[in-house]
């Protein structure tokens, strides 16, 4: 995964979904909106996570909701440990 994607989507790690609605600017392509809240922000800062067809915002999009496979979760944890060790070694 590129650093740009990690930086962009990594912002929502730990956030809690507190609401959902469809934003109907255009009846043909409604926008799915997830309201997310940062757990450790002052006042519980909330943000809109809007699903779009593309980066230009040419209409509402779709999200696949898939079961997290246990092996994938373990691999992510192992990668985090590896990166932390690597960072400590270079410090």
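General remarks:
- Matching residues in the stretch 2-28 - criterion: being surrounded by fewer than 10 Cβ atoms within 10 Å (Cβ to Cβ), under 10 Å from the mean Cα position of the chain (by Cα) and in contact (Cβ under 8 Å) with a residue 12 or more places away in the chain: none
- Of all residues in the stretch 33-91, those satisfying the criterion of being touching a residue at least 24 places away in the same chain (Cβ under 8 Å), assigned to a loop (DSSP other than H, G, I, E, B) and surrounded by 12 or more Cβ atoms within 10 Å (Cβ to Cβ) are 38, 53, 59, 61.
- Some residue of the stretch 40-52 being at pLDDT 85 or above and more than 19 Å from residue 6 (Cα to Cα): yes
The values are calculated or read from the model by the stated rules, or taken from the named source; none is laboratory data. Since the model is a prediction, treat every value here as computed from it, not as a measurement. Reconstructed Cβ throughout: ideal geometry from the backbone, glycine too, with neighbour counts over all protein chains shown.
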